[in-house]
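Only one structure is covered here, and it is reproduced in the block below.
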Amino acid sequence: MRTIEPSLVLDREQLREVTLDDEDLMRELVAALIEDTERQIPAMQVAIGKMDGPQCARLAHYCKGACANLGAGAAADVLKQMEHFAREGSMDECLLQLAALAAEVSRLRAEEL
C-alpha cells in the first residue's frame, strides 16, 4: 500500500486501488466512511468530556484506520493527532482535533465521486 498524502481530502488513486476502480463501490465506501465517522464523533466528544483518554484514543485509532485505508488523508492526519493527544491525556487538544475532524468530514462530504 502506498503512503497517503495527509493534506489530501480524498486520495482518489488510493481509493481506486482499494476498489479496483469500481466507481459504485467508491461512492458506497466513501458514504459509509462519512456515516461511520460522523457516528463516532459524539462518542469521542463523550470520551473527551469524561476525560477518558484511553477511550478517545481507541475511537480515534479506529476511525484513523478506516480513513487511511480509503485515502481520506486529511481526516486520518487529524485523527492521528487526536490519538496522540488522547494518549497523553491532553483532552483540550483532543477537543480542538474533534472540531478539525468535523471540518474534514464536511470537506470529504463535498468531494464529488
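Coordinate-derived values only; no laboratory data. What you see is a predicted model; the values in this text were computed from it and never measured. Note that we place each Cβ from the backbone using ideal geometry, even for glycine, and neighbour counts take in every protein chain shown.
The set of residues in region 11-33 that are among the acidic types (Asp, Glu), within 19 Å of Cys63 (Cα to Cα) and assigned to a helix (DSSP H, G or I) contains only Glu28. Ala43 - would you say it is surrounded by fewer than 21 Cβ atoms within 10 Å (Cβ to Cβ), farther than 16 Å from Leu113 by Cβ and either touching a residue at least 40 places away in the same chain (Cβ under 8 Å) or of a type outside the set (Phe, Trp, Tyr) (or both)? Here the answer is yes, as Ala43 does meet what is asked. Inspection of region 61-73 identifies at least one residue that is in contact with a Pro (Cβ under 8 Å, 6 or more places away or on another chain) and either touching a residue at least 60 places away in the same chain (Cβ under 8 Å) or assigned to a helix (DSSP H, G or I) (or both). Every test in (1) out of contact with any Phe, Trp or Tyr (no Cβ under 7 Å at 6 or more places or on another chain); (2) buried (at least 21 other Cβ atoms within 10 Å of the Cβ); (3) assigned to a helix (DSSP H, G or I) is passed by Cys94 save one, and that test is (1).
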